[in-house]
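Here's the structure, in structure tokens; my notes come after.
The values are calculated or read from the model by the stated rules, or taken from the named source; none is laboratory data. Model, not experiment: these values are computed from the prediction. Glycine also receives a Cβ, built like all others from the backbone with ideal geometry; neighbour counts cover every protein chain displayed.
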Amino acid sequence: MRVVSGIQPTGNLHLGNYLGAIRNWVRMQDEMEEGSECLFFLADLHALSQPHDPAGLRAATLEMAAALVACGIDPDRSVLFNQAQVPAHAELQWLLNGTARMGWLNRMTQWKDKAGKNREGQSVALFTYPVLQAADVLLYQATHVPVGEDQKQHLELARDIAQKFNNDFCTEDAPVFTLPEPIIPGEAARIMSLRDGTAKMSKSDPSEMSRINLVDDADTIMQKVKKAKTDPEPLPSEVAGLDGRPEAANLVGIFAALAGQEPAAVLAQFGGQGFGAFKPALGELLVETLGPIGARFRQLKEDAEALDAILARGAAKARERGVPTLNAAYRALGL
Ligand code: ADP
Ligand code: NA
């Protein structure tokens, strides 16, 4: 099994990023059996499809790398790198551009959604980035690719490109590309703002109190939980009792996600109690989980040299795994 997955570099990481995205990678890594491997990359090349700020991209790439390592991605067990350091991604994309069809890309709903009515004003990269995504996974002979609902169509496209390339340029017994299978991750935790249970916890929220940042220390975490918006009712003893109480549902959801429990189990324990009892328990659980992560994260974030070294080592490993496929693709094309 070879799993390949990318994440957009983004800064100001918070509890939502951890529970909704990063933790799933750590789990995948920890579930790998002997002989199987995960390749995790920071999708910095994909950032070019949208207007971007170069210094911000560099900072976000390092911050995301720091967060991944702090949260448990082990650069010795998994291959952790950024795309831009492995030129084979961009090279293979160009080779695959000859195989991908305009009609296929035109059908991508992400393209239609992101471009809206202003197609003429979009970067070419916004149109062709699904081909780069295909290269990202085909380069490594990925057998499995975790995909959310919104990315299913792009993995389907990668399979179509691989199949057409194998068909057009390879003999039946020597295909260049493996067709990757999707892994549909279990439903991801969706963490809401601490100030408004109907808004997603987000780095874009102007209120610092709305989110718990990965850099927050124990006191800050406890303060934010204490000040989190709630209602005056005690917690219900059953999940149905959370209907119409988004703030309560969110706090129970966070507790459940951190404790690895179902919300029903959390309510079995805390049902009938007020937030005066529940919030300190939630705060402590957060501090227990995020404390060690935050400490390591703060330390790594300040050490660009160590991060660069980790990413350089990962890139070398990635090149080792990807270059044979790239060479085979060149040969198949007569190049
Ligand atoms: P933000 O919303 O803070 O700008 P991003 O959009 O950069 O965060 O998200 C980066 C990753 O973290 C994505 O995989 C996204 O699904 C996940 N994520 C972000 N916010 C949340 C949240 N509140 N709950 C669950 N997952 C989240
Ligand atoms: Na966002």
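Residues of the range 1-13 that are in a strand (DSSP E or B) and either within 11 Å of ligand 2 (Cβ to nearest atom) or of a type in the set (D, E) (or both): none at all. Would you mention how many residues in the range 116-147 are at pLDDT below 95 and aliphatic (A, V, I, L, M)? Residues in the range 116-147 being at pLDDT below 95 and aliphatic (A, V, I, L, M): 1 in total.
Against the test of being assigned by TED's automatic domain parsing to the domain that holds E149, within 16 Å of ligand 2 (Cβ to nearest atom), farther than 21 Å from N213 by Cα and under 12 Å from the mean Cα position of the chain (by Cα), the options A47, A43, A67 yield a single qualifying residue, A43. The set of residues in the range 187-231 being small (G, A, S) and touching a residue at least 12 places away in the same chain (Cβ under 8 Å) consists of A188, A189, S193, G197, S202, S207, S210, A218, A228.
Here A174 does not fit the description of being among the small types (G, A, S) and in contact (Cβ under 8 Å) with a residue 24 or more places away in the chain. Residues considered: A158, A134, A162. Of these, the only one that is over 23 Å from the mean Cα position of the chain (by Cα) and either closer than 24 Å to K317 by Cα or crowded, with 22+ Cβ neighbours inside 10 Å (or both) is A162.
Within the range 107-125, is even one residue in a helix (DSSP H, G or I), surrounded by fewer than 18 Cβ atoms within 10 Å (Cβ to Cβ), of a type in the set (D, E) and within 16 Å of ligand 1 (Cβ to nearest atom)? Yes, because at least one residue in the range 107-125 is in a helix (DSSP H, G or I), surrounded by fewer than 18 Cβ atoms within 10 Å (Cβ to Cβ), of a type in the set (D, E) and within 16 Å of ligand 1 (Cβ to nearest atom). The single residue among D173, D160 that is closer than 21 Å to L333 by Cα and part of a loop (DSSP other than H, G, I, E, B) turns out to be D173. Can you pull out every residue in the range 180-224 that is touching a Pro at 6+ places or on another chain (Cβ under 9 Å), within 12 Å of ligand 1 (Cβ to nearest atom) and outside any loop (DSSP other than H, G, I, E, B)? Hit for the range 180-224 is M192, nothing else. In summary, A158 fulfils each of the numbered conditions (1) touching a residue at least 60 places away in the same chain (Cβ under 8 Å); (2) under 19 Å from A43 (Cα atoms); (3) of a type in the set (A, V, I, L, M) with the single exception of condition (1). With respect to (1) assigned to a helix (DSSP H, G or I); (2) modelled with pLDDT of 95 or more, the lone exception for D76 is condition (1).
If you go through the range 193-215 and keep only what is within 14 Å of ligand 2 (Cβ to nearest atom) and hydrophobic (A, V, I, L, M, F, W, C), you end up with A199, M201. Looking only at the range 17-32, decide whether some residue is within 16 Å of ligand 2 (Cβ to nearest atom) and touching a Ser or Thr at 6+ places or on another chain (Cβ under 6 Å). Checking the range 17-32: not a single residue is within 16 Å of ligand 2 (Cβ to nearest atom) and touching a Ser or Thr at 6+ places or on another chain (Cβ under 6 Å). Among the residues of the range 20-43, the one identified as more than 18 Å from A66 (Cβ to Cβ) and touching a helix residue (DSSP H, G or I) at 6+ places or on another chain (Cβ under 6 Å) is C38.
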